[in-house]
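Below is one structure, written out as structure tokens; comments come after it.
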Amino acid sequence: MIRPLLIIRLLTMPCLWMSLVQLVFAELSFMYFKDGVGRDFAVPAMLTFCCAMPLLFAFKKYSLPSVNVREAMLFAALTWFAVGVLGAVPIIHVTQVSFTDGVFESISALTTTGATILSGLDELPPSFLMYRQFLQWMGGLGVVIFVVAILPMLNIGGMRLLKAETPGPIKDEKLSPRVSSTTRYLWMVYLVITLLCAVSYYFAGMSVFDAIGHSFSTVSTGGFSTHDASMGYFNSSLMLWICNLFMLLGAINFALHYRVFLARAIKLYWQDEETHAFLIIVALVALLLAVFLYQTQAEQGSWNALTQAFFHVISFITSTGFAATDFGAWPAVTSIVLIFVGYIGGCAGSTAGGNKVIRNVISLKSISLEIKRLVHPSGVFTMKFQGRHISDDIRHSIMGFMCVAAIVTLVFTLLLMATGMSFMGSLSATAACLNVLGPGFAELGNNFAPLSDTGTWLMSFAMILGRLEYFTVLVLFLPAMWRD
């Protein structure tokens, strides 16, 4: 049974948080940047606050709720839609784009997709640019996780909210008996890595503004930049390698980061099977791409080819989507390689998108297991991951997820083609949004402005679908979801 009044009360939390964020940026615009757009943040912030606060007190009897599974999934999906719309209001007012484009830009930021319909970023007000970067950072670990972390009221039933939001097939790992403590630990690790990233960028030559802004989008694996040329604006190999390091850190399980910190043992990264596989995939694909770019002279010089190959492979596999050169001008096969690694994705429990490395590894082990059973029908075989037996339930759910990902990709690609997009443009846009990746190819090589309104709404939905890993959203369309 779903309790609508409980859902409304829960939704007031992220709405109030969004109003607070916009008030902060209004103050920054008025007092620090003095760029004339403070009112564009202040007015929607106050309207949201005035609407959400009465609802919070009107349904006061729903304090300390016990959230069931269906309510958790509905809350997670509606939260992303609600904050996406609320976050779009300043974007619409500052840039004078349509409601459709504003919501797309906002959802792209919050889901850390990094696909944009904007151009001329270098001329936009600094408070707006920082707001856009901060939305990505806020959405990196998830708005729902943030709500659970800061609101003890959600501690009862909070684990269900956490599971509905957290990416990855195995969601029972906790750093603390209390869910709110677990989420606070994750956000603490997130904050520390972001600070280290900002300091590194600053000492590499970025301004304070750019260092903070790009640390937000690097660690969140979001990919927005304060410049149209993205990371290519800085023309620095050192910055690209710094970016590589922190994109990788953002794409590794944050619970693992916390365990490494507590044990003071960096070897735990290599001992973790998923992280081990992730780093090997990155190294192999990047080295092969570097050799290809060098041999085809797509990039001049061996060091430049190596730098660009590693940067763009890491950018795509972590679903960050930064660019440092015109990779659309590379040979066509590289586009397929980059789209492919985008589907592999980062590690579960990270800010990265994609199918996640753990699912790919278990899928390959499942195929190997079935081949062994075919060759040795009487044999008894088991499958393990990280020393733990993988049950058939998890194995089947992972194979089901991979099938759903393929089917959804096909459906959205065909739907975009029906709006007039080319096949490559449709496929790359679908891959970019479902994997919360960002960059497109063909006619979307510069940005997503060429999308029709229908295509833009389809991709907005695809970003939420991919961010919540399909099932949390798709289950809402099943009749059984709404039966008592």
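We did not get these values from a lab; they are worked out from the coordinates using the rules stated. As the structure is a prediction and not an experimental result, all values here were calculated from the model. Note: ideal-geometry Cβ built from the backbone for every residue, glycine included; neighbour counts use all protein chains shown.
A few notes on this one:
- Per-region count, the stretch 271-311, residues assigned to a helix (DSSP H, G or I) and acidic (Asp, Glu): 2
- Counting only helices (runs of 4 or more DSSP H) that fall entirely inside the stretch 68-145 and contain at least 2 residues that are more than 16 Å from Ala462 (Cβ to Cβ) and of a type in the set (Ser, Thr, Tyr), the qualifying elements are 69-95, 126-140.
- Of all residues in the stretch 266-310 being among the charged types (D, E, K, R) and surrounded by 16 or more Cβ atoms within 10 Å (Cβ to Cβ), the one that is farthest from Gly353 (Cα to Cα): Glu299
- Qualifying residue in the stretch 73-90 (condition: more than 25 Å from the chain's Cα centre (by Cα), surrounded by 17 or more Cβ atoms within 10 Å (Cβ to Cβ), closer than 25 Å to Arg483 by Cβ and not small (Gly, Ala, Ser)): no
- Qualifying residue in the stretch 6-18 (condition: surrounded by fewer than 15 Cβ atoms within 10 Å (Cβ to Cβ) and outside any loop (DSSP other than H, G, I, E, B)): no
- Extreme residue, farthest from Thr419 (Cα to Cα), among residues of the stretch 429-450 that are surrounded by 24 or more Cβ atoms within 10 Å (Cβ to Cβ) and polar (S, T, N, Q): Asn435
- Per this entry, Thr351 is counted among residues that are part of a loop (DSSP other than H, G, I, E, B), in contact with a Leu (Cβ under 9 Å, 6 or more places away or on another chain) and over 15 Å from Arg395 (Cβ atoms).
- Qualifying positions in the stretch 196-211 - more than 24 Å from the chain's Cα centre (by Cα) and assigned to a helix (DSSP H, G or I): Tyr202, Phe203, Ala204, Val208
- Val313 surrounded by fewer than 24 Cβ atoms within 10 Å (Cβ to Cβ) and among the hydrophobic types (A, V, I, L, M, F, W, C): no
- Residue satisfying condition, being crowded, with 18+ Cβ neighbours inside 10 Å and either more than 24 Å from Ala77 (Cα to Cα) or touching a residue at least 60 places away in the same chain (Cβ under 8 Å) (or both), within set Val404, Val473, Val375: Val473
- Among the residues of the stretch 252-267, those that are more than 16 Å from Phe385 (Cβ to Cβ) and of a type outside the set (D, E, K, R) comprise Ile252, Phe254, His257, Tyr258, Val260, Phe261, Leu262, Ala263, Ala265, Ile266.
- With respect to (1) acidic (Asp, Glu); (2) loosely packed, with under 14 Cβ neighbours inside 10 Å; (3) within 28 Å of Leu141 (Cβ to Cβ), the lone exception for Asp453 is condition (3).
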